[in-house]
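This report refers to the structure that appears directly beneath it.
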Amino acid sequence: MIFYLTYNDGPSGIFSSQVIDVVKHLRFNLQAKIKLVSFVSARNFLIVRKEIKGELPDALVLPMFPGVFRWRANIPLLKIICRIFRPKLIIGRGLLATNLAFRAHPKRTIYDGRGAIEAEWMEYDVVKSKSLLSQVHKLENEAINSSIFRLAVSQKLVDYWVSQFNYRKLDHVVIPCTLNESFENIELNMNSISNVRLELGLEGDDIVFLYSGSTAGWQSFKLLHDFIQPILLASMRNKIVFFCDLDENIELLQSEFGQRVINRKLQSSEVSKHLLAGDYGLLIREESVTNQVASPVKFAEYLASGLFVIISENLGDYSEFVKDKKCGYLSNEHKHLVKPELDDKIRIKKLANDYFTKANYMQQYSQLIGFCEKEEHSVDS
């Protein structure tokens, strides 16, 4: 058996598509014996546990010791779980899950690298604990160089490991953040587009710029405001839709442009339907190390919805992807933007199907599972 271990991750659209869907994919398509083990905040534990098990009934959801900086306090409980289930390997999603796995299951840990963690913590004030910040470089180095295998969300992340942590091995695969089934099954046609536009109060000939996601610091929300303001000044037909929490930058745009700026908070299950309303999806972020190695799932979701992507320079592997595949524009280079035709949207959606479904990474997942099975056999023998 393999454990897929998460630490301090709660239910969300990302958790559903990048954790639960991955576990299901490995089980049903590669017949992997894999179990999700999630340490979650003790706050609202029963509610969170119910949500996770509602999507994956056999998931093992455990309360974590209060305080992320006390992550080591969870080692004894994980050791007990390992004695009960006897996993041959643990895949740790992220830095702390991987280091937790090291200490409960030495030398049989795989690192699922989601980003440049030290850089992210320092650049965006993610962690307040000075003691944890003082350890992050050592913990990240251990996760990268002591794991027996690695997953990375971008080639840029692997390059970062090489330059910053002297990573010299080849025991890794690159698998970007992929789509969940709701995006794979989108019906893209004039009726589906018209219906959601009508719901949002948009006209058929409006050129709609759309932002979906968080307003957290690393999303560079102030930059987004400064980018969209001249676009709204350029034409009364240009409109912006924000699918996120209300923010002071949105309020500022609404005060300037009134009903041409729409804000709607969606449930994760509603996102795939509502993205169809847009023509251009916005991924405007500052050029931090965190963003340079990122794999924003929103990029794949925009493409799956038929949206051209307006993206910052040096954003993960995807600024180059946009240029190579002609599926959008760099934010500092775009000219006057016209309304895409349905055929354009269908071509964009095909790119998502060709590059961002889990089925397209069967070889990489097979390499991972094949490695796991080889290690499991060597342990048994």
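Every number here is computed from the coordinates shown, using simple stated rules; none is lab data. All of these numbers come straight from a predicted model, not from anything done at the bench. Cβ placement follows ideal geometry from the backbone for every residue including glycine, while neighbour counts extend to all protein chains displayed.
Data table
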| quantity | calculated |
| --- | --- |
| GNM flexibility winner over the chain from GLU313, GLU248, GLU286 (Cα, springs under 10 Å) | GLU248 |
| Compactness index (Cα Rg / 2.2 N^0.38 Å), the range 1-73 | 1.10 |
| Where trypsin sites (Lys or Arg not before Pro) fall in DSSP loop in the range 214-277, at most 10 other Cβ within 10 Å | LYS265 |
| Unsatisfied cross-links (Cα-Cα over 31 Å) in the set LYS88/LYS273; LYS128/LYS358; LYS24/LYS169 | LYS88/LYS273; LYS128/LYS358 |
| In Hz, Karplus ³J(HN,Hα) per residue of the range 19-36 (6.51, -1.76, 1.60; θ = phi - 60°; x = Gly, Pro) | 10, 5, 5, 5, 4, 4, 4, 5, 5, 7, 9, 10, 6, 6, 8, 10, 10, 7 |
| Column: log10 I(q)/I(0), Debye, Cα scatterers of the range 169-264, q = 0.10, 0.12, 0.22, 0.23 Å⁻¹ | -0.37, -0.51, -1.19, -1.24 |
| Candidates ILE207, ILE81, ILE193, ranked by Gaussian network fluctuation over the chain, Cα under 10 Å, top entry | ILE81 |
| Residues LEU5, LEU62 arranged by fewest to most Cβ contacts within 10 Å | LEU62, LEU5 |
| Rh (Kirkwood; distinct C-alpha pairs) - the chain, Å | 21.9 |
| Pairwise centroid distance, computed over Cα atoms, of the range 102-175 with the range 185-208, Å | 42 |
| Between 0 and 90°, nearest 10: helix 221-234 axis offset from the chain longest Cα axis | 20 |
| Inter-part distance where the range 255-303 and the range 59-74 are each reduced to a Cα centre, Å | 32 |
| Sequence of THR98, THR215 once ranked by neighbouring C-beta atoms within 10 Å, starting from the fewest | THR215, THR98 |
| Residues TYR361, TYR160, sorted so that the one with the fewest Cβ neighbours within 10 Å comes first | TYR361, TYR160 |
| Overall dimensions of the range 243-381 as given by Cα atoms, namely Rg and Dmax in Å | 18.9, 70 |
| Relative contact order (%) - the chain, alpha-carbon pairs under 8 angstrom, separation at least six | 15 |
